[in-house]
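Here's the structure, in structure tokens; my notes come after.
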Amino acid sequence: MDQIIVTGSKNPLQGKVAIEGAKNAVLPLLAATILASEGTSTLTNVPILSDVFTMNNVVRGLDIDVTFDEEEKQVIIDASGQIGSQAPYKYVNQMRASIVVLGPILARNGYAKVSMPGGCTIGSRPIDLHLQGLEAMGARITQRSGYIEAHAEKLKGAHIFMDFPSVGATQNLMMAACLAEGKTVIENAAREPEIVDLAIFLNKMGAKVRGAGTETITIQGVEHLKGAVHQVVQDRIEAGTFMVAAAMTGGDVLIQDAIWEHNRPLLSKLQEMGVEVLEEDEGIRIRSTVTDLKPVSVTTLPHPGFPTDMQAQFTALMSVVKGQSTMVETVFENRFQHLEEMRRMNVHSEILRDTAIIHGGQALEGAQVMSTDLRASAALILAGLVAEGQTIVGKLSHLDRGYYKFHEKLAQLGARIERIKGEDSDV
Ligand code: EPZ
């Protein structure tokens, strides 16, 4: 498979970078289009990512017409006819986020059969909160030979308190509740910007969702929903990844159209380190001189806490800042694998269960490294930007799930980076 080769340099990244629509917004938005029994939905600013192709196939598998115009970065979906009820193993196995079609299919058809998502490298990732919420709305759920089957003539509004503010469970339950009878209250709901983006789209479709972005979301069920047009919100994690790239190379980079309140925890940590963060008309400018940066302690938390999806990238920054930094990962139980790989690049760290201590400041050395998951891939490439010599990153199928033209955008900012075609096996 392809490989990315980064040649480390002392050159700071400079210039401006455009950011795509958010992967973690467009996937639930695509699932939400299933709810529209009339009209068509058009999503714009859609990122061209492998996960989007996968979710498009999941929706197509429901006999729904899906057209992805990559030129225009838009997807047009017509779910107005009779739709299927099954999301097959081959797609759910490729992408666990497919589980968010469960609620919409069940709400639309009264029956849904969705493959159980497997775990993944960063954690076991159960779906108990999804299922408990649907059962509270009256669904009868069985799990047999790797599939979840859910039945409910008509879902009933319920008062649900989630043990953990799960993003996916909040999305599944919000969508199911749109067509339930009566009112649903979701307490301890996830508050991520992608939840707000989903609520905006659902309300455009005729739903009555209130409180998205807070810990209590109220949904008044309606009879049916119709297709709508919606622009996918910007990807705050891609934006954050380039902010970290600018900071760790001592650069000066404008992240176009970046949204301050979507990245507040990251921005405040960068400022605490001594990175200059400027809000400008065109976006957010990141300026830094690495030698002046101070080590910090970070704990990942559900939004509005520091995002777990920025954890790996941020540890790459910590590794170039002189002194001892601490990263505590509270959201996933196994999300430090990138640090194991970075050891090969002379990054000194100790991992004690949910805590990583990073002894930053020594020179990083280029090496051949393996990417284990999406954000780890980005982190290894960022480390390669400042390492002595060449860093070779393989298994780019992880990277391609969440970043569009990542190496081209970095090259445009002055990085010495290229992507070479490899054999067909994903090594
Ligand atoms: C979403 O995953 C994102 N994916 C993840 O981004 C992100 O890391 C995560 O939210 C947290 O912000 C998409 O939006 C497609 P969760 P999701 O349910 O919904 C536990 C990336 O890199 N949990 O909030 O699966 C779970 O085990 C990806 O872009 C339960 O225990 O996350 C985990 O420890 C990675 N039971 C924690 O909650 C449940 O029923 C957070 O999971 C559900 C979740």
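From the set of residues in the range 366-400 that are over 23 Å from the mean Cα position of the chain (by Cα) and assigned to a loop (DSSP other than H, G, I, E, B), which is nearest to ALA245 (Cα to Cα)?
So the residue we want is ALA387.
Collect the residues in the range 84-139 that are modelled with pLDDT of 95 or more, more than 20 Å from ALA190 (Cα to Cα) and not polar (S, T, N, Q), keeping them in residue-number order.
GLY84, ILE105, LEU106, ALA107, ARG108, GLY110, TYR111, ALA112, LYS113, VAL114, GLY138, ALA139
Considering the range 201-233 alone, what residues qualify as being within 14 Å of the ligand (Cβ to nearest atom) and not acidic (Asp, Glu)?
If we filter the range 201-233 for residues that are within 14 Å of the ligand (Cβ to nearest atom), which is where we start, we get 215, 232-233.
Correct list: VAL232, VAL233.
Considering only the range 328-343, state which residues are buried (at least 16 other Cβ atoms within 10 Å of the Cβ) and under 28 Å from GLN390 (Cβ atoms).
ARG335, PHE336, GLN337, HIS338, LEU339, GLU341, MET342
Name the residues in the range 407-427 that are in a loop (DSSP other than H, G, I, E, B) and either among the hydrophobic types (A, V, I, L, M, F, W, C) or open to solvent by less than 30 Å² (accessible area, probe 1.4 Å) (or both), would you?
LEU413, ALA415, VAL427
Residues are listed down the side, and each one gets a yes or a no for (1) touching a residue at least 40 places away in the same chain (Cβ under 8 Å); (2) closer than 25 Å to GLY123 by Cα:
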{"residue": "VAL328", "(1), (2)": "no, yes"}
{"residue": "ASN334", "(1), (2)": "yes, yes"}
{"residue": "SER349", "(1), (2)": "no, yes"}
{"residue": "GLN362", "(1), (2)": "no, no"}
{"residue": "GLU365", "(1), (2)": "no, no"}
{"residue": "LEU380", "(1), (2)": "yes, yes"}
{"residue": "SER397", "(1), (2)": "yes, yes"}
{"residue": "LYS409", "(1), (2)": "yes, no"}
{"residue": "GLY422", "(1), (2)": "yes, no"}
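Six or more apart or on different chains, Cβ under 9 Å: which pairs go from a residue in the range 8-32 that's within 30 Å of GLY103 (Cβ to Cβ) and free of Cβ contacts under 8 Å to residues at least 40 places away in the same chain to one that's assigned to a loop (DSSP other than H, G, I, E, B) and basic (Lys, Arg)? Could you list them?
Nothing qualifies.
Can you pull out the residues in the range 130-141 that are farther than 24 Å from LEU374 by Cα and near the ligand (Cβ under 9 Å from one of its atoms)? Write out each step before concluding.
Step one: list which residues in the range 130-141 are farther than 24 Å from LEU374 by Cα, which gives 131-141.
Within the range 130-141, LEU131, GLN132, GLY133 qualify.
List, please: which pairs have Cβ atoms under 7 Å, are six or more places apart or on different chains, and start with a residue in the range 121-134 that is touching a residue at least 24 places away in the same chain (Cβ under 8 Å) and end with one that is within 6 Å of the ligand (Cβ to nearest atom) and open to solvent by less than 10 Å² (accessible area, probe 1.4 Å)?
LEU129/ALA169; HIS130/ALA169; GLY133/ALA169
I'm checking my understanding of the structure. Among residues of the range 9-34 that are of a type in the set (Gly, Ala, Ser), away from the ligand (no atom under 13 Å from the Cβ) and assigned to a loop (DSSP other than H, G, I, E, B), which one is least open to solvent (accessible area, probe 1.4 Å)?
SER9
How many of the residues in the range 45-103 are acidic (Asp, Glu), under 25 Å from LEU134 (Cβ atoms) and not in a helix (DSSP H, G or I)?
Matching residues across the range 45-103 total 1.
Which ones in the range 391-406 are surrounded by 15 or more Cβ atoms within 10 Å (Cβ to Cβ) and either over 26 Å from PHE332 (Cβ atoms) or touching a Pro at 6+ places or on another chain (Cβ under 6 Å) (or both)?
ILE392, TYR404
Give the range 118-141 a look and list any residue that's open to solvent by 50 Å² or more (accessible area, probe 1.4 Å) and small (Gly, Ala, Ser), or say none.
Within the range 118-141, GLY119, SER124, ALA136 qualify.
Please list, ordered by first then second residue, the pairs with beta carbon atoms under 8 Å, 6 or more apart or interchain, first in the range 94-108 and over 16 Å from THR54 (Cβ atoms) and away from the ligand (no atom under 13 Å from the Cβ), second modelled with pLDDT under 95 and not charged (D, E, K, R).
Listed by first residue and then by second, the contacts come to ILE105/ALA87.
If a residue must be over 22 Å from ALA228 (Cα atoms) and open to solvent by 50 Å² or more (accessible area, probe 1.4 Å), how many such residues does the range 61-105 contain?
So the count comes out to 5.
Could you check the range 142-200 for strands (runs of 3 or more DSSP E) lying wholly inside it with 3 or more residues that are within 14 Å of GLY103 (Cβ to Cβ), open to solvent by less than 20 Å² (accessible area, probe 1.4 Å) and away from the ligand (no atom under 16 Å from the Cβ)?
none
The values are calculated or read from the model by the stated rules, or taken from the named source; none is laboratory data. Only a predicted model underlies this, so the values are computations on that prediction, with no experimental measurement involved. As a convention, Cβ positions derive from the backbone with ideal geometry for all residues, glycine included, and neighbour counts pool all protein chains shown. Quick note on the areas: whole protein, heavy atoms, side chains included, nothing else; ligands and nucleic acids left out. Shrake-Rupley method; radii C 1.70, N 1.55, O 1.52, S 1.80 Å.
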